């Protein structure tokens with residue numbers, strides 16, 4: 001990465017550096033995985049009554065941000 005005090009690096013040069021680093025990672029046997037998408041979930045806590053929207057992945061356990069009891 002370029003530091004603030006170092007020489008200016010163009011966007012094209014940064015992109016080329018990133019692509020070269022990714023190619024080197026893949027050549028060493030590395031795999032790039034896609035993370036599961038986060039979906040907004042409406043919730044209502046039966047313990048404290050807190051309601052709202054929280055982001056969660058599929059299969060993730062959701063806890064109430066207020067009282068920390070399990071919602072899903």
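Mind pulling the angle between the C-alpha long axis of helix 11-27 and the longest principal axis of the chain? Nearest 10 degrees, somewhere in 0 to 90. Tilt relative to the chain: about 80 degrees. Calculated translational diffusion coefficient of region 33-72 (10 °C, 1.306 mPa s; Stokes-Einstein with Kirkwood radius over alpha-carbon pairs) equals 149 µm²/s. Using the Cα atoms of the chain to build a convex hull, what is its mean projected area in square nanometres? Value for the chain: 8.6 nm². Computed on the chain, with alpha-carbon pairs under 8 angstrom and 6+ residues apart, the relative contact order is 19 percent. Peptides 14-25, 61-72 ranked from most to least packed, by the mean per-residue count of other Cβ atoms within 10 Å: 61-72, 14-25. Let me have the 222 nm mean residue ellipticity of the chain computed from DSSP H runs of 4+ only, each contributing -39500 (n - 2.57), with the sum over all residues rounded to the nearest 500. The helix-only estimate for the chain comes to -8000 deg cm²/dmol at 222 nm.
Taken together, the values in this text are just the output of simple stated rules run on the coordinates, not laboratory data. Computed from a predicted model, the values in this text were never measured in an experiment. Glycine gets a Cβ as well: all are built from the backbone with ideal geometry, and neighbour counts include every protein chain shown.
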